[in-house]
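The values are calculated or read from the model by the stated rules, or taken from the named source; none is laboratory data. The structure presented is a predicted model; accordingly, all values stated were derived computationally and were not measured. Cβ atoms come from the backbone with ideal geometry, glycine included; neighbour counts cover every protein chain shown.
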Amino acid sequence: MVNLRIAAARDDDLDLAAAEYAAGERAALRDDFIYYCLPFADRLAHRYAGRGEPLDDLEQVSRMALVKAIDRYEPGRGSFTAYAALTMHGELKKHFRDRTWGVHVTRRVQDLGLAVGRAARDLTGELSRPPTTAEIADRVGATVAAVDEALLSSAGHTTASLNAPIREGEADELGDLYGGADPDLASADDRLTLDVLLRRLPAREQRMLALRFHGNRTQQEIAAEFGVSQMHVSRLLARALTWLRESMLSDAAPTWPGVEGTAWDLTVRRAAGVPTVRVRGEVDRDTAGSLRTCLIRVVGAAGRGDTVVLDLTGVPLMDAAGVAVLADAARAAGMAGVDLRLAGVQPTVRAVLDALRSTLR
């Protein structure tokens, strides 16, 4: 009979000892056979060393698997060594899968993660650069989405303890960094309200505000993009900011003058035989064409010596495009012998016209 208390020097000895163990009194020889096979279990455990788990734990898992293999072993099914090795490998892998991951990850994703890691290392050496996700997917024979899932799951293998010190030798723990006062929390309601109010602004004002405060563009650059003057951009931004400020401080948002109050409108009426062109809204690049067409038509229909009135009471702003319309209408009226008069000029528009008049002198 084989001396089961002598450590095996070769794996072949395990099969011989297993045959002797199976042929004899298994209950009486079980402890001796387990002791005889312990070096084999420890050798398998050492193959998994250096993966973040203590070697003592790995040896314990491997030895428990050895005991399970010995109790279940049936000589007629083949080599004991192969059976025991498969059992111990399976238990060690299960230990890593179930005990060492910070989050639950399926075995399929874990296996793919190992394959992705090996492929990434191999491709890095072959390409002399980090491989792309598509290249890794082609190497392992998986989809790009599956590789992304495997890479993401790898981040959940090891999690940091909230009780770990922030720096070595310090008493402060990592958990102390979480749950503190959020300085932006108090302004959350204001940001939500501002988002709703911004959506009520015209698309032009929304775009200007975005360029100015998110794109960090100057007023001159914004003016060049919209084809208006820098002064006009300044007025539009100031008006939009004033409206937003008033809306934030009031229970109900005030009327936006560029939308409800003075929406663009152009009408022609005749009072006491005098045609009057009444304009409401801003006269800029977007609306100047309509006003030019209307004025030329009205002036052309008037007789020599007649008067045409341009009512600007409802015009809060006028840019260079609007001034150009007035100049064209004045020239057309002069050629037709029509007296073109302005009425209801607002202070902002008058300032623009006065500045232009002083410049032309």
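Residues being under 31 Å from the mean Cα position of the chain (by Cα) and either more than 18 Å from GLY281 (Cβ to Cβ) or not β-branched (Val, Ile, Thr) (or both) are entirely absent from region 228-235. Which pairs have Cβ atoms under 7 Å, sit 6 or more apart or on different chains, and link a residue in region 224-235 that is free of Cβ contacts under 8 Å to residues at least 12 places away in the same chain to one that is of a type in the set (A, V, I, L, M) and buried (at least 18 other Cβ atoms within 10 Å of the Cβ)? Short answer, once both residue conditions are applied: GLN230/ALA223. On the stretch given as region 332-351, residues that are in a helix (DSSP H, G or I) and among the hydrophobic types (A, V, I, L, M, F, W, C) total 6. A single entry from VAL277, VAL299 fulfils the requirement of being over 30 Å from ALA224 (Cβ atoms), touching a residue at least 24 places away in the same chain (Cβ under 8 Å), outside any strand (DSSP E or B) and in contact with a helix residue (DSSP H, G or I) (Cβ under 9 Å, 6 or more places away or on another chain): VAL299. Taken over region 99-126, the criterion of being of a type outside the set (Gly, Ala, Ser), at pLDDT below 85 and either outside any helix (DSSP H, G or I) or over 30 Å from LEU162 (Cα atoms) (or both) is satisfied by THR100, TRP101, VAL103, HIS104, VAL105, THR106. Which one is surrounded by the fewest Cβ atoms within 10 Å (Cβ to Cβ), of the residues in region 162-218 that are assigned to a helix (DSSP H, G or I) and of a type in the set (Val, Ile, Thr)? Out of the qualifying residues, it is VAL196. Residues that are over 23 Å from LYS93 (Cα atoms) and assigned to a helix (DSSP H, G or I) within region 127-147 comprise LEU127, THR133, ALA134, GLU135, ILE136, ALA137, ASP138, ARG139, VAL144, ALA145, listed in sequence order.
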